[in-house]
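The values are calculated or read from the model by the stated rules, or taken from the named source; none is laboratory data. Keep in mind that what you see is a predicted model, and the values were worked out from it rather than measured. So basically every Cβ, Gly included, is an ideal-geometry build from the backbone, and we count neighbours across all protein chains shown. To get the accessible areas, we keep the full protein, side chains included, count just its heavy atoms, and leave off ligands, DNA and RNA. Shrake-Rupley method; radii C 1.70, N 1.55, O 1.52, S 1.80 Å.
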Amino acid sequence: MYKKNVHSLVLSGMLAVIALLLSFFSFAVPFLPPFLKFDFTFIPLFMALLLLGYKDALLVSFLKNFLHFALLSHEPIGSIANIVVEFTFISVIIFFYKKGTAKTIIGGILGTLAITVFMTLLNYFVLLPAYGYIMNLADIVTNVKTIVTAGIIPFNLLKGALVTFLFFVTKSVYKSIPTSIRSRFA
């Protein structure tokens, strides 16, 4: 029991660092606000979900975002938004990913809708006003509705589609790992 817990914790830490390194390879979407960026940090989160389970995937997400805040960004709004998106999507996909491809696609669509609705509300009422006040940007505070409708909603729909695709890629890589190696983590 002790060996498995230490093994899971070490692997979670390694996956969090890999996710942090992958966050350097982010790209903005044309015609959307430049602070909205895509990255591939969901791949280690999905690997943690498939190898270790739900709790460890959430731990990887938390560790990655804490490290990003502490070492790189030093502003909490982006890290909080990232944690919310990752926790929401993983919490939805967990109910569907073991039930076949069609159910996983439905889970990806529901996860996309969940992050879109949740992040729309959170950005409108909390995150964008807080970011505007912290960074002393009055134009963000006065244009929250425009930013949400023209930026946040399309971005989260695109991000959900990308994340669902990344889940299928990660799942196919996971299936290519020999069962003898996968069983060490289960």
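Things worth noting here:
- Contacts under 8 angstrom Cβ, first residue in the range 29-56 being touching a residue at least 40 places away in the same chain (Cβ under 8 Å), partner part of a loop (DSSP other than H, G, I, E, B) and surrounded by fewer than 15 Cβ atoms within 10 Å (Cβ to Cβ), 6 or more apart: Phe38/Ser26; Phe40/Phe25; Leu51/Ala186
- Condition met for Phe31 (modelled with pLDDT of 90 or more and aromatic (Phe, Trp, Tyr)): no
- From Leu157, Leu137, residue being over 14 Å from Ala81 (Cβ atoms) and modelled with pLDDT under 80: Leu137
- Some residue of the range 24-43 being farther than 20 Å from Val173 by Cβ and assigned to a helix (DSSP H, G or I): no
- Condition met for Leu58 (of a type in the set (A, V, I, L, M, F, W, C) and modelled with pLDDT of 95 or more): yes
- Helices (runs of 4 or more DSSP H) fully within the range 68-184 counting 3 or more residues that are of a type in the set (A, V, I, L, M, F, W, C), within 30 Å of Leu51 (Cβ to Cβ) and open to solvent by 30 Å² or more (accessible area, probe 1.4 Å): 76-93, 101-122, 153-176
- Checking Ser8 against (1) more than 29 Å from Tyr133 (Cβ to Cβ); (2) modelled with pLDDT of 95 or more; (3) of a type in the set (Ser, Thr, Tyr), the condition it does not meet: (2)
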